[in-house]
Amino acid sequence: MYAPMPGSIVLTAEARIRTDSRVEFLSAAATLREASRKEPGVVSFGFYEDPLDQGLFFFREEYRDQDAMDAHMAQEHTRAYTAVQRDWLAEAATVRLHTTAQVTEFPLEPAR
């Protein structure tokens with residue numbers, strides 16, 4: 001049906017952001033998201049705030065492979081963000097790297 005592709009690397013994170021840093025964090029994270037989505041090896045890049053727990057953010061980033069993730073980490077916009085990200089944290093964040101053996105992508109069409 002659909003051809004499988006090589007595996008990818010997915011980074012997920014949960015971070016509680018200090019109330020007094022929220023506006024600065026949101027601006028920096030949005031800038032990082034927009035720049036990262038333009039990178040050729042970035043499959044997806046996003047974050048959202050828990051609607052029931054203001055200040056708790058979840059991140060999901062997917063990279064084509066390790067080389068793509070390494071290239072992302074070397075980008076100026078990524079280095080600028082990571083240089084200050086700890087300043088925004090209210091507590092330790094949880095970051096996880098997931099590797100996949102294979103990814104199968106298929107379209108899901110809207111109902112007509």
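The values are calculated or read from the model by the stated rules, or taken from the named source; none is laboratory data. Note that the coordinates shown come from a computational prediction; the quantities given were computed from them, not determined experimentally. When we count neighbours, we look across all protein chains shown, and the Cβ atoms used for this are built from the backbone with ideal geometry, even at glycine. Remember, those area values only see protein heavy atoms, side chains included, never the ligands or the DNA or RNA. Shrake-Rupley method; radii C 1.70, N 1.55, O 1.52, S 1.80 Å.
Of the candidates TYR81, TYR63, the single residue that is within 27 Å of THR100 (Cα to Cα), touching a Gly at 6+ places or on another chain (Cβ under 7 Å) and among the aromatic types (Phe, Trp, Tyr) is TYR63. I'd like to verify a number: residues in the range 8-32 that are within 17 Å of VAL95 (Cα to Cα) and open to solvent by 40 Å² or more (accessible area, probe 1.4 Å), how many? Residues that pass the stated criteria total 2.
Pick from the range 68-103 the residues that are of a type in the set (Val, Ile, Thr) and at pLDDT below 95: which of them is nearest to THR31 (Cα to Cα)? Filtering the range 68-103 for residues that are of a type in the set (Val, Ile, Thr) and at pLDDT below 95, the one nearest to THR31 (Cα to Cα) comes out as THR99. The criterion of at least 1 residues that are without any contact (Cβ under 8 Å) to a residue 60 or more places away in the chain is met, among strands (runs of 3 or more DSSP E) falling completely within the chain, by 42-49, 56-63. Of all residues in the range 86-112, those that are closer than 26 Å to THR19 by Cβ and surrounded by fewer than 16 Cβ atoms within 10 Å (Cβ to Cβ) total 9.
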